[in-house]
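Below is one structure, written out as structure tokens, with a few remarks after it.
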Amino acid sequence: MERKTSQIQPPTYGDLITILSIDGGGIRGVIPATILSFLESQLQELDGKDARLADYFDVIAGTSTGGLVTAMLTAPDENNRPLYAAKDITPFYLDHCPKIFPQKKCGWFASIGNMLQALVGPKYDGKYLHEVVKEKLKDTRLSNTVTNVVIPTFDIKKLQPTIFSTYETKRSACYDAKMSDVCISTSAAPTYLPAHYFKVEDGKGNVREHHLIDGGVSANNPGLVALSEVSKEILKDNPDFFPIKPMDYGRFLVISIGTGSAKWEQKYNSSMAAKWGIVDWLFHKGSTPLVEVFTQSSADMVDYHNSIVFQALHCENSYLRIQDDGLSGTEASVDVATKENLKRLVEIGKNLLKKPLSRVNLETGLTEPIPKGGNNEEALKRFATILVNERRLRESRSPLVTKVSK
């Protein structure tokens with residue numbers, strides 16, 4: 001059977017529910033971009049050069065920079081195919097990050113200026129980010145994406161998370177926001193980029209207002225949010241998931257890609273933090289510890305939870321988390337967008353493919369290599385085969401797919 005470029009068929013025709021999750025992390029989005037480029041290349045080897053990640057995942061979820069990657073992978077071009085191939089995302093970051101996060105002069109006076117700026121407003125004005133996102137995504141809305149997306153943000157007015165989900169747009173047009181607004185919002189990291197306001201009208205006079213900041217405030221690792229959105233759809237009897245049960249985690253296949261974190265015990269310690277006031281928590285030697293603490297803890301807690309659930313239900317081989325927790329210096333920053341640092345992040349992503357497949361130790365909370373687990377590259381090849389087989393199974397069972405012989 002010849003491979004089609006149609007959208008993925010619903011899980012009801014297959015055996016699995018497939019989810020791709022991408023963490024937040026500013027310029028460190030280069031790391032998952034590198035990993036995803038490899039995964040897509042494996043899908044193309046198995047299923048043809050036109051294969052794209054969105055053809056194989058029921059949901060792609062992303063927070064902050066991961067939300068931007070999600071939009072690039074799922075926004076449609078003029079042929080209703082993904083706007084970007086995964087291999088195009090790294091060049092996008094290399095071209096645009098230095099303009100999104102322009103680097104200021106170094107030196108004592110510059111450090112004082114940066115600190116004062118951090119006290120009175122965001123470090124960057126966000127204008128270039130807004131321009132490039134609107135230019136690339138144009139008027140694409142959540143309902144237009146080529147597969148379902150889930151992108152967390154946080155409403156600073158309501159003091160509660162706002163989850164942008166393709167599923168919600170099918171129930172109310174008030175949820176059908178422009179992808180450009182969603183990307184700008186989920187990337188609006190406190191102290192780095194300004195909050196974003198927009199409203200959505202449904203054509204009947206109903207208006208939904210949003211006052212949003214970075215989704216990393218609530219879910220820097222959006223994997224659990226994606227699982228929850230799918231479970232909610234199952235509870236609401238969405239026919240796409242019949243006859244799957246809400247807690248049937250054995251039917252889930254989840255690939256979760258992190259953006260890296262600082263080497264353990266490398267950056268801060270309690271004796272340092274004990275002396276900090278508000279200035280140090282917000283601006284300590286060029287970094288922002290408060291933001292780093294809540295985003296990293298959010299990501300790790302989601303991985304910890306997912307690891308426990310998948311292991312408890314004896315389906316741990318269906319959950320893949322790829323993360324590098326050994327970053328140091330500017331590698332661990334979210335905004336040092338020099339050419340040298342960006343190129344180093346690309347190399348970190350490539351090297352991460354060769355690192356041992358790892359899993360969180362439920363006793364220590366630390367990530368450890370899985371005995372005889374191989375490396376991340378081998379795991380991605382295995383998952384690529386599963387994804388291709390799942391897609392073919394759905395197409396063979398679906399009455400909506402026309403069978404074409406070679």
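The values are calculated or read from the model by the stated rules, or taken from the named source; none is laboratory data. Every value quoted in this text rests on a predicted model; they were computed, and no experiment measured them. Neighbour counts run over all protein chains shown; Cβ positions are idealised from the backbone, glycine included. For the accessible areas, the whole protein counts, side chains as well, though only heavy atoms, and no ligand, DNA or RNA atoms are used. Shrake-Rupley method; radii C 1.70, N 1.55, O 1.52, S 1.80 Å.
Does region 347-406 classify as rounded, prolate or oblate by the C-alpha gyration tensor (a ≥ b ≥ c root eigenvalues; a/c under 1.5 gives rounded; else a/b over b/c gives prolate, otherwise oblate)? Present the calculation step by step, with values, prior to reporting the outcome.
Numbers: a/c = 3.95, a/b = 2.40, b/c = 1.64.
The shape class here is prolate.
As a test of the formula, what do you get for the chain when each DSSP H run with n ≥ 4 contributes -39,500 (n - 2.57) and the sum is divided by the residue count, at 222 nm and rounded to the nearest 500 deg cm²/dmol? Don't jump to the answer; show the numbers that get you there.
Details: 14 runs with 164 residues, N = 406.
One gets -12500 deg cm²/dmol as the mean residue ellipticity at 222 nm.
Using mean Cβ contacts within 10 Å as the protection proxy, how do 233-246, 63-76, 28-41, 293-306 order, highest first?
Details: 233-246: 14.4, 63-76: 28.6, 28-41: 25.6, 293-306: 19.4.
Listed from highest to lowest mean packing, they are 63-76, 28-41, 293-306, 233-246.
Give me the accessible area per residue for the chain, probe 1.4 Å, as a whole number in Å².
45
Is there a pair in Lys104/Lys127; Lys170/Lys199; Lys49/Lys170; Lys99/Lys127; Lys138/Lys339; Lys134/Lys158 whose C-alpha atoms are over 21 Å apart, and which pairs would that be? Please list the in-between numbers first.
On the way: Lys104/Lys127 16 Å; Lys170/Lys199 18 Å; Lys49/Lys170 32 Å; Lys99/Lys127 10 Å; Lys138/Lys339 28 Å; Lys134/Lys158 26 Å.
Correct reply: Lys49/Lys170; Lys138/Lys339; Lys134/Lys158.
Carbon and sulfur: what percent of region 231-323's accessible surface (1.4 Å probe)?
Numbers: 3000 of 4900 Å².
Carbon and sulfur atoms account for 61 percent of the accessible area of region 231-323.
On C-alpha positions alone, give me the angle between the axis of helix 339-354 and the longest principal axis of the chain, in degrees, nearest 10.
Between helix and principal axis, roughly 40 degrees.
With unit charges on the beta carbon (Lys/Arg positive, Asp/Glu negative), name the residue among Thr330, Gly205, Pro246 whose Cα is farthest towards the positive pole of the charge dipole of the chain.
Of the listed residues, the answer is Thr330.
Against the longest alpha carbon principal axis of the chain, how many degrees, from 0 to 90 and to the nearest 10, is the axis of helix 65-74 turned?
So the helix axis and the longest Cα principal axis differ by about 30 degrees.
Specify whether the C-alpha gyration tensor of the chain places it in the rounded, prolate or oblate class, a ≥ b ≥ c being the square roots of the eigenvalues: rounded for a/c under 1.5, otherwise prolate if a/b is larger than b/c and oblate if not. The partial results should precede the final answer.
On the way: a/c = 1.66, a/b = 1.35, b/c = 1.23.
Note, shape of the chain comes out prolate.
So how do 323-330, 387-394 stack up, highest first, on mean other-Cβ count within 10 Å? Please report the intermediate quantities before stating the final value.
Values: 323-330: 18.0, 387-394: 19.6.
Ranking the peptides 323-330, 387-394 by packing returns 387-394, 323-330.
Mind checking which of Val230, Met272, Gly29 is farthest towards the positive end of the chain's charge dipole, using Cβ charges of +1 (Lys, Arg) and -1 (Asp, Glu) about the Cα centre?
Farthest towards the positive end: Gly29.
Just report the Cα centroid separation between region 357-404 and region 147-210, whole Å.
31
Any idea what the dipole of the chain comes to, in debye rounded to 20, about its Cα centre with Lys/Arg Cβ at +1 and Asp/Glu Cβ at -1? Numbers along the way, then the final one.
Values: 49 positive and 48 negative charges, 88 e Å.
It comes to approximately 420 debye.
Which whole-number percent gives the relative contact order of the chain, counting Cα pairs below 8 Å spaced six or more residues apart? All intermediate terms of the calculation are to be shown ahead of the outcome.
On the way: 755 pairs, mean separation 96.6, N = 406.
24 percent.
What angle do you read, to the nearest 10 degrees and between 0 and 90, between the alpha-carbon axis of helix 108-120 and the longest principal axis of the chain?
The answer is roughly 60 degrees.
For the chain, what is the percent of antiparallel DSSP beta bridges, rounded to the nearest 5?
On the way: 21 of 39 bridges.
Close to 55 percent.
What is the dipole size for region 290-391, taken about its Cα centre, with +1 at each Lys and Arg Cβ and -1 at each Asp and Glu Cβ, in debye to the nearest 20? Working shown, then result.
Values: 12 positive and 15 negative charges, 103 e Å.
That gives a dipole near 500 debye.
What does the C-alpha gyration tensor say about the overall shape of region 157-247? Classify as rounded when a/c is under 1.5, otherwise prolate if a/b is larger than b/c, or oblate. Write out the running numbers ahead of the final one.
Values: a/c = 2.81, a/b = 1.38, b/c = 2.03.
Taking the square roots of the gyration eigenvalues as a ≥ b ≥ c, region 157-247 is oblate.
If you average the C-alpha positions of region 212-239 and of region 21-39 separately, how far apart do those two centres end up, in angstrom?
Distance between centres, Cα-based: 19 Å.
Give the relative contact order (percent, whole number) for region 337-406; include only Cα pairs under 8 Å separated by 6+ residues. Spell out each step's value before the answer.
Numbers: 38 pairs, mean separation 14.7, N = 70.
Across region 337-406, relative contact order equals 21 percent.
Please compute the net charge surrounding Met72, taking Lys and Arg as +1 and Asp and Glu as -1 over other residues with Cβ under 10 Å from its Cβ. The partial results should precede the final answer.
Working: positive: Lys136; negative: Asp88.
That sum, taken over residues with Cβ under 10 Å, equals 0.
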